[in-house]
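Every read-out reported here was derived from the displayed coordinates using simple, explicitly stated rules and does not represent laboratory data. Everything numeric here is computed off the predicted structure, so don't read it as measured data. No Cβ is skipped: glycine too gets one built from the backbone with ideal geometry, and neighbour counts run over all protein chains shown.
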Amino acid sequence: MVFGDDFRFANAHQYFSSLDKLIKGFNAKYQDVQLMYSTPSKYIDAIAAAGISWPTKYDDMFPYADDELSFWTGYFSSRANAKGYVRRGSSVLQSANKIFGADIID
């Protein structure tokens, strides 16, 4: 079970404390499957040892949509700070266009 992403771990102590309790409770109740902390390399090794073969994906899976009108394009691109500046600058430009556009129309 993979967990976590860029938007987690703001309070790592609380998050991992809760995970520790979850793991301990699950492992006490179910003996046939055991939860543990691991690494990506251990996960890949376990998949290989089980003889599971995954197909290789060569095409791009982005843009990603997490709902009907929300798309994540350029998610893994470089220069994340520059993208943030462009996003904030575009917001200011749009606001200025609305303010000054309203003066011209009136």
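Backbone amide hydrogens, once placed in the peptide plane, bring Leu35 within less than 5 Å of Asn27, excluding anything fewer than 5 places away on its chain.
For Leu35, Leu69, Leu22, the sequence from fewest to most other C-beta atoms within 10 Å is Leu69, Leu22, Leu35. Ranked for footprinting exposure by Cβ neighbours inside 10 Å, fewest first, Tyr37, Tyr15, Tyr58 give Tyr58, Tyr37, Tyr15. Principal axis analysis of the Cα atoms in segment 12-53 yields extents of 35, 26, 10 Å, listed in decreasing size. Legend: ranking of residues Asp66, Asp32, Asp20 from fewest to most surrounding C-beta atoms inside 10 Å; resulting order Asp32, Asp66, Asp20.
Couplings for segment 87-95, taken from phi via the Karplus curve 6.51 cos²θ - 1.76 cosθ + 1.60 with θ = phi - 60°, read 4, 5, x, 5, 5, 5, 4, 4, 5 Hz in order; Gly and Pro are left as x.
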